[in-house]
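*Asks:* Mind having a look at this structure? Questions to follow.
The values are calculated or read from the model by the stated rules, or taken from the named source; none is laboratory data. Just so it is clear, the model here is predicted, and its values are computed rather than measured. No Cβ is skipped: glycine too gets one built from the backbone with ideal geometry, and neighbour counts run over all protein chains shown.
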Amino acid sequence: MIEVRNLVKRYGSTVAVDDVTFDVPKGEVVGFLGPNGAGKTTTMRIVTCYLPADAGRVTVDGYDSFEHSMDVRRRIGYLPESAPLYQDMGVIEYLRFVAGMRGIPSGERDGRVRRMVEICALGPMLQKDIGQLSKGYRQRVGLAATLIHDPEVLVLDEPTSGLDPNQIMEIRELIRQIGREKTIILSTHILPEVEATCSRVIVINEGRIVADGTTEELTRMSAGRATTVLSVRASAAAAEPKLRGVEGIESVRLLEDGTPGASRWEVVSPSNADIGAKLFHLAVESGWVLTEMHTASLSLEQVFLELTKGEKRP
């Protein structure tokens with residue numbers, strides 16, 4: 001459905017997208033994941049014909065985004081991070097306006113609007129102007145406008161940005177429902193977003209793709225490595241140098257330092273390093289009270305941190 005080949009985009013001397021290649025087959029929900037400034041939004045804007053690429057090629061359903069941009073636009077629904085809504089228009093008025101802009105025949109518009117109101121659960125808000133809605137409902141209106149021409153592909157850029165926890169759960173559920181019928185690229189830097197809605201993950205960092213696979217495949221990248229969480233009755237300043245000196249530990253991260261004279265840590269090590277015994281002996285030798293210790297495989301969050309912590313390019 002979507003093919004991206006060797007995509008490059010520069011802003012002056014800055015390379016925002018650097019030789020990016022990936023495919024999204026029909027019916028798949030793909031999370032496009034990366035830290036802020038990684039190149040996610042720029043890539044999405046190129047895919048949706050909002051920006052030209054400096055090099056490379058994008059096709060959607062066989063149509064080239066440069067040579068046949070109108071055909072690509074007809075097949076894509078794009079929801080940018082800040083949905084472009086007219087605040088002084090009513091919900092129905094706005095959706096009718098979008099339907100007209102999308103070329104939907106006048107005799108079909110009301111039916112299509114009613115369908116979007118049903119799918120996006122906008123019924124309680126129909127008597128209000130968009131400017132009176134909560135941000136969660138404005139996102140729903142944005143999604144309705146994105147879906148109204150029944151596109152085959154949805155590109156959603158940070159769809160839950162700035163929402164409260166209840167609104168996030170509502171939008172995630174809506175995306176899951178839509179994803180049963182549509183091909184979706186969901187751009188985000190929020191890991192729970194990916195785990196809750198996506199069947200596959202593409203990780204981009206510094207403009208380059210650094211991983212591509214299911215969440216299970218990405219977590220298997222940590223095979224042979226483990227993370228240990230421990231809490232000790234010792235200050236962070238006293239505990240950190242000793243933890244870093246333990247043989248076999250690859251990284252040490254302070255998780256909590258709120259209680260005076262106590263700290264909580266996450267350490268990463270090879271799974272065969274018998275790190276639990278070493279940490280226990282360190283606590284005994286240092287005179288620390290050990291109040292917590294457990295070990296598990298690396299989480300998706302830790303894999304993501306490992307993939308995106310590299311040095312910045314000059």
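*Asks:* Mind checking whether some residue in the stretch 242-253 is within 33 Å of the chain's Cα centre (by Cα) and either closer than 30 Å to residue 172 by Cβ or at pLDDT below 80 (or both)?
*Replies:* The answer is yes, given that some residue of the stretch 242-253 is within 33 Å of the chain's Cα centre (by Cα) and either closer than 30 Å to residue 172 by Cβ or at pLDDT below 80 (or both).
Conditions tested, residue by residue: (1) touching a helix residue (DSSP H, G or I) at 6+ places or on another chain (Cβ under 6 Å); (2) surrounded by fewer than 18 Cβ atoms within 10 Å (Cβ to Cβ).
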position	(1), (2)
176	yes, yes
188	no, no
194	no, no
202	no, no
205	yes, no
212	no, yes
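*Asks:* Please enumerate the residues belonging to the stretch 266-276 that are surrounded by 14 or more Cβ atoms within 10 Å (Cβ to Cβ) and outside any strand (DSSP E or B).
*Replies:* Scanning the stretch 266-276 gives 271, 273, 275, 276.
Let's see how each residue does on (1) of a type outside the set (A, V, I, L, M); (2) touching a strand residue (DSSP E or B) at 6+ places or on another chain (Cβ under 8 Å):
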position	(1), (2)
12	yes, no
19	yes, yes
22	yes, yes
32	yes, yes
39	yes, yes
42	yes, yes
52	yes, no
72	no, yes
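*Asks:* Just give me the residues in the stretch 38-77 being of a type in the set (Lys, Arg) and crowded, with 22+ Cβ neighbours inside 10 Å, in sequence order.
*Replies:* 40
*Asks:* Out of all the residues in the stretch 251-265, which are part of a loop (DSSP other than H, G, I, E, B) and surrounded by 14 or more Cβ atoms within 10 Å (Cβ to Cβ)?
*Replies:* 257, 262
*Asks:* Could you list, in sequence order, all residues of the stretch 240-254 that are under 16 Å from residue 269 (Cβ atoms) and in contact with a strand residue (DSSP E or B) (Cβ under 9 Å, 6 or more places away or on another chain)?
*Replies:* Once the filter is applied, which keeps residues that are under 16 Å from residue 269 (Cβ atoms) and in contact with a strand residue (DSSP E or B) (Cβ under 9 Å, 6 or more places away or on another chain), the stretch 240-254 yields 240, 243, 244, 246, 248, 249, 250, 251, 252, 253.
*Asks:* If the requirement is being in a loop (DSSP other than H, G, I, E, B), touching a Lys or Arg at 6+ places or on another chain (Cβ under 6 Å) and at pLDDT 85 or above, which of these qualifies: 151, 159?
*Replies:* Only one candidate qualifies: 151.
*Asks:* Just checking, which of 190, 204 is modelled with pLDDT of 90 or more, under 16 Å from the mean Cα position of the chain (by Cα) and of a type in the set (A, V, I, L, M, F, W, C)?
*Replies:* 204
*Asks:* On to the next question. Looking at 111, 142, 136 in this structure, which one is surrounded by fewer than 17 Cβ atoms within 10 Å (Cβ to Cβ) and either modelled with pLDDT under 95 or more than 23 Å from residue 48 (Cα to Cα) (or both)?
*Replies:* Just one listed residue meets the conditions, 111.
*Asks:* Sticking with this one: Pairs please, first residue from the stretch 257-269 and of a type in the set (A, V, I, L, M, F, W, C), second anywhere and part of a loop (DSSP other than H, G, I, E, B), Cβ atoms under 6 Å, 6+ apart in sequence or on different chains.
*Replies:* Within 6 Å, the pairs are 262/233; 267/249; 268/250.
*Asks:* Which of the following residues is crowded, with 19+ Cβ neighbours inside 10 Å and either assigned by TED's automatic domain parsing to the domain that holds residue 127 or among the polar types (S, T, N, Q) (or both): 35, 80?
*Replies:* Exactly one of 35, 80 is crowded, with 19+ Cβ neighbours inside 10 Å and either assigned by TED's automatic domain parsing to the domain that holds residue 127 or among the polar types (S, T, N, Q) (or both), namely 80.
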